[in-house]
Every structure is written in structure tokens, then in C-alpha cells.
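Trainee: If you scroll down you'll find the structure; I have some questions about it.
The values are calculated or read from the model by the stated rules, or taken from the named source; none is laboratory data. Bear in mind the structure is a predicted one, so any value in this text is a computation, not a measurement. Quick reminder, even Gly has a Cβ in these numbers, built from the backbone with ideal geometry, and neighbours come from all protein chains shown.
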Amino acid sequence: MPILEVRDIEKNFGTLKVLENISFSLEKGETLAIIGSSGSGKTTLLRCLNFLEKPDKGSIIVNDEVIFDAMDPTTQRESEVRKKRLHFGLVFQNFNLFPQYTVLKNVTLALELLAKERPDYKQNKKVILEEIQEKAKYLLSQVGLSDKLDYYPHMISGGQQQRVAIARALALEPDILCFDEPTSALDPELTGEVLKVIRGLAERNTTMIIVTHEMDFARDVSDRVIFMDDGVIVEQGPPEEVFGNPKEERTKQFLTRYNQK
Amino acid sequence: MNDIPVIISRLTESFLLNCRLFALTLIFSLPLGLVIAFGSMSRFYPIRWLVRGFVWVIRGTPLMLQLIVIYFGPGLLSLAFSWPSGTNGRFIAATVAFIINYACYFSEIFRGGIESIPQGQYEAGQVLGMTKKQIFFNVILLQVIKRILPPVGNEVITLVKDTALARIISNKEIIMMAGEYTNKGLIWPLFATGIYFLVFVGALTLLLGWLEKKLGYFRT
């Protein structure tokens, strides 16, 4: 049973069709890479999964539960959307860390706010908060930032900021972790450290969807690849197939252009 | 009667009215300004245009005129409502006029500050499962405060001196007090009032600088 099933998603911005007929599924523990040129709809697709955009058609199913159906308004209630979002984590292209909080607080903030909704929060406040601290510290050590806990975002490099953002997303234990071009805002020197962290997550069978322009990385790390162009999925399959033996003309053209670089 | 110490103590006493008006205006106009800012950003257009129209009227007419209208308006229109008689009524009316006027100016500063925060900050909060309220108070607000501190500081300093306008509806503030001496041919008390304002604004400038430094630990 797939952990995620996307059926027939369509999205328009006014008269502009950005996504059409998007269907795919993802198994637990799989890493899916989405490639394609800028403006092909990759980012919009991720944003739809995270409820930052509302698809005009189609449905999204996580763990057999329909969490979004364009035809069924009851799946779109504001109050539930917030909880449903937590199925997904999202790492942004430009990190979007909270500048006024330390690295540690960036990771703990959402957990602390969620903990306040627990019925036993008042009685066990101290224990709960301590657990959150420990968890955040552990996650930050996993991304190699144990020595930066008390730093503010502007004091660390872009690569370090992005690793904090990854730890922040992981803290909520999403079923599926999404990356929106996580290294596009980084210079090549810093790209490596972020990719290494993502690779580590893939090795530990984290379910992930990665929108990326790093072709070698996508090929290496993913279990499946989707190539998008002009808002549609042109081709999908295992990386060896899509990269090694693309069937569609458009995929070939795109990959040739990349290999020339 | 015209002893220097007596004059100074009467000036000081009347300056307390300026101080009281200043403090009350700030305390109430800052939160009210935030409410007006939200109104002017409302996605419900009737509210948005109503609030923006109100802000236009308040910013588009002199504060001096507003003081007069607010104080005399209820009586002239024979409304059921009227201000308490005497000193108290005059002071309350002035305070209300100041609060409304400054709230409108603050609201525009707040709106600019709120709209200047990158969308990504909201989205980061959203994907982390925060409510709109949590995002505003835990993520956005402090960044807004940091950004708007300089323009708010400007308004606050202007307010100190605007309090002198309260004399238009016979509030005995410091300039009015000094004016009584001027009428008797004694001019220096009027000049002396400048020192009160200077010292007050000097202290405020230090405070604002300190606040800015306090918020300097992060960058937006």
C-alpha cells in the first residue's frame, strides 16, 4: 500500500494551467526526485501537497486517508487542514528560518506550540518541554550542528541554515518530507553539506520528495524519478531508466542540455 | 507671583498634563492602531474601505480641528452623549482625539511593517502546523516591531510636541501656562517651555536607541 497517492491534480493560476493530470504514488521509505526545467510546475506541486496552494481538481491520499479532494469541501476545512499538513514537512529553497530565534528554538518552537494543545500539558509541562529540547538537540546533532545551538540564523552560513531547516522539518516527524530545490540558494561549496544530510536521510529510509536541479544527486539518491515539463508528468520511473534510457523526446532533450553543462 | 521658582513650579505642574496626555495616548493608540491596521488589510472589502476611509479623514484633517469637533461636537449636535463638565471633560476629550488621531497614523506604519515581512515566514509557520494567531504572535510580530521602530519613534516624538495642541480646548498645558505670562509681558517662560520638550525628547531618543539596540540581536 502506498503511503502517498496523488490522483489527477490540476491547478490553474487564472487562465494559466500550471499543473495537469498529475498522478503518482509513493511507497513508504522511498525517495522520489522531481526534475524538470524552471516553470514546469514542480514547486507548485510540492506546494499543493503542503496545502500552500489548493488544487482545482484531483485528490491527495495519505495512508489510505483522503486528505484532500477538490470535489469534497469537507476535506478542505481550515481547522483540519492544519493537522493534515503535518503529514508533510517542507524544506524551502530559501530556508525561511525564524530570524529572531536561536537555531535550537527554531527547531523547538512548533513542537512547543503543539504540545500546548495536549491535555496533560499543564501537569507535565516541565517534562514535556525537556523532551522537546532533547529531541531538537538530537536532530541538530544529526545534521552536524550541535555546536551552533545558541546561534541566530544570520550568524551561520546558508548551508548551515538549510540544515537547521531540515532538522526543524524533521522535528514534527512528517510521513513525507518535501524539499523544494534545497540547494538552489547555495553556492557549490555549501551545496555538498546539505546534499550529504539528505543522502543520510535517504539511507535511513525517510520517505522524501525532492525537487532538485542537481541531476547527479537525483540519480544517485532517488528510488524513483519524475520528469515534469509544462505542468505535466512527461515520464516517471526508476532513475536508471529515466536518466539512462529516457523514452520521451522531451526528457532526452532536457537531459542532454544538462549533460552539456 | 512672578518669582522665578513659582513660575518654574507652575510650568512644571502644567507640563505634567502634557506628560499624562502623552502616556495615555501611547498606551491606547498603539493597540488600537494594530486593530485599525488589521481592518485596513481585511479581505472583507466593506470593512477594508470603511477603515481606510476613516484613516483618510483622520489623517486628512488637522488634529486641532479634530480636538474642537470632538469636544464641541456632541453639544452642538445636541447628542445624548456629552463630556463631563470642567477640567476633566476637556482632558478626556483631548485624550480621545489624540488616541484616535495617533492610532490612525500608527495603523499605517503597522500595515507597512506587516506587509513587509516575507511570505515565506508565514508559509514556514503554516507547514509547521501553526495557527494564524500563533504565526502572528510567535513569528511575525517581533520582526514587525524591529522594522517599524524608527518610524514609530518619529511619531512618538511628534506626539510629545503635539500635546501642546490640547490648549485649543482650554487644557492648561505648558504652552498655555507660559502664554499667561506672555500676556502680562513676561516672555522668558515661553522660551523655557522649549527646555521641557527638549529634555523629554532627549530621554525618549535614548530609550528608542536602547530598544533598537535590544532588537539588534537578529536580522530580518
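Trainee: Please go through (1) modelled with pLDDT of 90 or more; (2) more than 14 Å from chain B (Cβ to nearest Cβ); (3) more than 22 Å from the chain's Cα centre (by Cα) for A:LYS135 and return the number of the only condition it doesn't satisfy.
Mentor: A:LYS135 satisfies all of (1) modelled with pLDDT of 90 or more; (2) more than 14 Å from chain B (Cβ to nearest Cβ); (3) more than 22 Å from the chain's Cα centre (by Cα) except (3).
Trainee: So how many residues does region B:115-172 have that are closer than 30 Å to B:ALA93 by Cβ, assigned to a helix (DSSP H, G or I) and charged (D, E, K, R)?
Mentor: Qualifying residue count, region B:115-172: 4.
Trainee: If you scan region A:82-113, which residues turn out to be more than 7 Å from chain B (Cβ to nearest Cβ), in a loop (DSSP other than H, G, I, E, B) and closer than 17 Å to B:ASN138 by Cβ?
Mentor: Residues satisfying the conditions are A:LEU97, A:TYR101, A:THR102.
Trainee: Sticking with this structure for a sec: Quickly run through region B:105-145 and pick out the residues that are charged (D, E, K, R) and more than 8 Å from every other protein chain (Cβ to nearest Cβ).
Mentor: Within region B:105-145, B:GLU108, B:ARG111, B:GLU115, B:LYS132, B:LYS133 qualify.
Trainee: Something else now. Which residue is farthest from the other protein chains (Cβ to nearest Cβ), if the candidates are limited to region B:146-180 and must be surrounded by fewer than 19 Cβ atoms within 10 Å (Cβ to Cβ) and among the hydroxyl-bearing types (Ser, Thr, Tyr)?
Mentor: Within region B:146-180, the match that is farthest from the other protein chains (Cβ to nearest Cβ) is B:SER170.
Trainee: Which members of region A:115-132 meet the condition of being in a loop (DSSP other than H, G, I, E, B) and either in contact with a Lys or Arg (Cβ under 7 Å, 6 or more places away or on another chain) or away from every other protein chain (no Cβ under 14 Å) (or both)?
Mentor: A:PRO119, A:ASP120
Trainee: Would you check if B:VAL55 is within 14 Å of B:PHE98 (Cα to Cα), touching a residue at least 12 places away in the same chain (Cβ under 8 Å) and either among the β-branched types (Val, Ile, Thr) or not in a helix (DSSP H, G or I) (or both)?
Mentor: Taking the combined requirement at face value, the residue satisfies it.
Trainee: Oh, and also: In region A:153-174, is there at least one residue being within 14 Å of chain B (Cβ to nearest Cβ), at positive phi and within 25 Å of the chain's Cα centre (by Cα)?
Mentor: Yes: region A:153-174 contains one or more residues that are within 14 Å of chain B (Cβ to nearest Cβ), at positive phi and within 25 Å of the chain's Cα centre (by Cα).
Trainee: How many residues does region A:140-152 contain that are surrounded by fewer than 23 Cβ atoms within 10 Å (Cβ to Cβ) and assigned to a helix (DSSP H, G or I)?
Mentor: Residues that pass the stated criteria total 5.
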